[in-house]
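Participant: Just passing along the structure, written as structure tokens.
Please treat every number below as a calculation from the coordinates, not as lab data. This one's a predicted model, so the numbers in the text were calculated from it and none came from an experiment. Positions of Cβ are backbone-derived with ideal geometry, glycine not excepted, and every protein chain shown enters the neighbour counts.
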């Protein structure tokens, strides 16, 4: 029984940790993906708020969390080493304006959101989606 | 009639009390990244907790003593100390995550920053443990926690493509995700389903409520009906995330994103109900982990313990809980993200599982303690099979945590 268990454990470790031989993610692609996820969540919260399907408190928390996550992605891209300058530039041109839009909407407050705010968030989300598609997974 | 009511109440509170911040966050993260492709882990994990919680409940009902008391006596202080060391530290980490979960739920309801809610949450947990009776505490949080059924309601209201969810359930590693990340989350889900405190609380709670052999049927129903239905709610959380967040590329990094599908499906009313459910579930789990901290230490050292005793007569038991709450509060006050604490806690839980579950398996097989209620053949086969799986998961947990950078 002990021998069987030991063999089983060793096999599992080899199989599971062996799966990890994957190339490290490109920081530009990773930052674009994270920022897109954050802005997409904020857009959804803004839409739900405008449709009267969410509370202002909840929507505001989603916007704030989205801003924090997008700003983190922006900072990680800026501080990452060994990034192809062209890829960094492509990611930054989508992330930087998205963070600015998100900051403005968050400062406005969920209770005062307008359709125009939602449209701007959607535009930022689409720009980021394009960057994600271009930069790859 | 009264007995039937007690059984129904036990099952309902088992459902409502099954989910905690680890289950809620991990299932949502997995759903938003992998769809239902890790649903099989929830099924395997829930079956595992049923096997071991049933054994722990049986040990308590038959011997009239909680797991740790019997473990120390049966296996000696050295083995019990390694069990205690791992279980106590994991429990402390889980307690910290649960208090953070309460604060996050209060933030969702108020939009006041969660850091301001953390002391409020910790004091509220302490007050309830100090002043409120065991049954009221357990039943109230379990029943309000049933509002998490809102996730299942949301999933049906969303009308997802069931065929697609079914395909995901049969799929292994989705494209665009590394195999190591997939297995990391498999380990995290397994750890979330088998968190050690659930067994300690179940076993010590049985002693608090004075269970005897006559209560074995009730214990079996709580475990075999309540826990699987709680597992269905876990699948519903992952399903909501898979149906709404995955197609939009929204990955769950905070508790707020977990609830976006609920608002989309059921509007404000369902959203408010589920926020209340999350608050009750995390509050209930914070009570359970705080009590488990007191139970494990007091049972190991042979101190007087139990909520059925006045605090003055179980001073060290209560002091332990206060110190653990203060430690959890201090960790959260550093500004560490409660969601990260949660993710790390479920993986470390997975790593420590053998130290928790082996002693239960041994004691449940000892005729000196269990008499005619020792494990039957099938329960033993299930227990040993799960223990082999637990060993594999335990060994793989930390390497996967490091290699994937906590699932990045």
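Participant: Taking square-rooted eigenvalues a ≥ b ≥ c of the alpha carbon gyration tensor, is the range B:72-204 rounded, prolate or oblate, where a/c under 1.5 means rounded and, failing that, a/b exceeding b/c means prolate? Before the final figure, lay out the partial values.
Facilitator: Numbers: a/c = 1.91, a/b = 1.23, b/c = 1.55.
Oblate is the answer for the range B:72-204, as a/c is 1.5 or above yet b/c matches or exceeds a/b.
Participant: Further, regarding this structure: State whether the range B:297-385 is rounded, prolate or oblate according to the following rule on the C-alpha gyration tensor (a ≥ b ≥ c being the square roots of its eigenvalues): a/c under 1.5 gives rounded; otherwise a/b larger than b/c gives prolate, and the remaining case gives oblate. Mind showing how you got there, number by number?
Facilitator: Values: a/c = 3.91, a/b = 1.37, b/c = 2.86.
Oblate is the answer for the range B:297-385, as a/c is 1.5 or above yet b/c matches or exceeds a/b.
Participant: How many percent of Cα pairs in the range B:223-364 exceed 25 Å?
Facilitator: Details: 4697 of 10011 pairs.
In whole percent, the share of Cα-Cα pairs in the range B:223-364 beyond 25 Å is 47.
Participant: What is the angle, in °, between the Cα long axis of helix B:39-63 and the longest principal axis of the Cα atoms in chain B? Nearest 10 is fine, range 0 to 90.
Facilitator: 20 degrees
Participant: Would you mind checking the radius of gyration and Dmax of the range B:273-334 based on alpha-carbon positions, in Å?
Facilitator: Just the Cα atoms of the range B:273-334 yield Rg and Dmax of 13.5, 42 Å.
Participant: Taking the Cα atoms only, what angle lies between the long axis of helix B:315-333 and the longest principal axis of chain B, rounded to 10 degrees?
Facilitator: Relative to chain B, helix B:315-333 is tipped by roughly 20 degrees.
Participant: Now a separate question. Per Stokes-Einstein, at 20 °C and 1.002 mPa s, what whole-number D in µm² s⁻¹ belongs to chain B, with the Kirkwood radius over Cα pairs as the hydrodynamic radius? Intermediate results must be reported in sequence, preceding the final value.
Facilitator: Values: Rh = 21.0 Å.
It diffuses with D of about 102 µm²/s by this estimate.
Participant: To continue, here is another question. From the square roots a ≥ b ≥ c of the eigenvalues of the alpha-carbon gyration tensor of the range B:1-105, which class results: rounded (a/c under 1.5), prolate (a/b over b/c), or oblate?
Facilitator: Working: a/c = 1.81, a/b = 1.25, b/c = 1.44.
Oblate is the answer for the range B:1-105, as a/c is 1.5 or above yet b/c matches or exceeds a/b.
Participant: Also, quick follow-up: What does the convex hull of the alpha-carbon atoms of the protein assembly as shown project to on average, in nm²? Walk me through the numbers on the way to the answer.
Facilitator: Values: hull surface 98.4 nm².
Orientation-averaged projected area of the Cα hull: 24.6 nm².
Participant: A follow-up question, please. Relative contact order for chain B: what percent, with Cα pairs under 8 Å and sequence separation of 6 or more?
Facilitator: Details: 670 pairs, mean separation 151.3, N = 408.
Relative contact order comes out at 37 percent.
Participant: Please list A:58-64, B:87-93 highest first by mean number of surrounding beta-carbon atoms within 10 Å per residue.
Facilitator: Details: A:58-64: 26.1, B:87-93: 22.4.
Ranking the peptides A:58-64, B:87-93 by packing returns A:58-64, B:87-93.
Participant: Here's another thing I want to ask about it. Considering every residue in B:102-111, what mean count of other chain Cβ atoms within 10 Å of its Cβ is obtained? List each step's numbers first, then the result.
Facilitator: Numbers: counts 0, 0, 2, 0, 0, 6, 6, 4, 5, 13.
Average neighbour count from other chains, rounded to a whole number: 4.
Participant: May I have the extent of the alpha carbons of the range B:336-408 along their three principal axes, as whole Å values ordered from largest to smallest?
Facilitator: Result for the range B:336-408: principal-axis Cα extents of 49, 22, 15 Å.
Participant: Compute the angle between helix B:260-301 and the longest alpha-carbon principal axis of chain B, please, reported from 0 to 90 degrees and rounded to the nearest 10.
Facilitator: Computed tilt is about 30 degrees.
Participant: Relative contact order (percent) for the range B:266-408, with alpha-carbon contacts under 8 angstrom and 6 or more residues of separation? Kindly include the intermediate steps, with their values, before the conclusion.
Facilitator: Working: 75 pairs, mean separation 25.3, N = 143.
After rounding, I find 18 percent.
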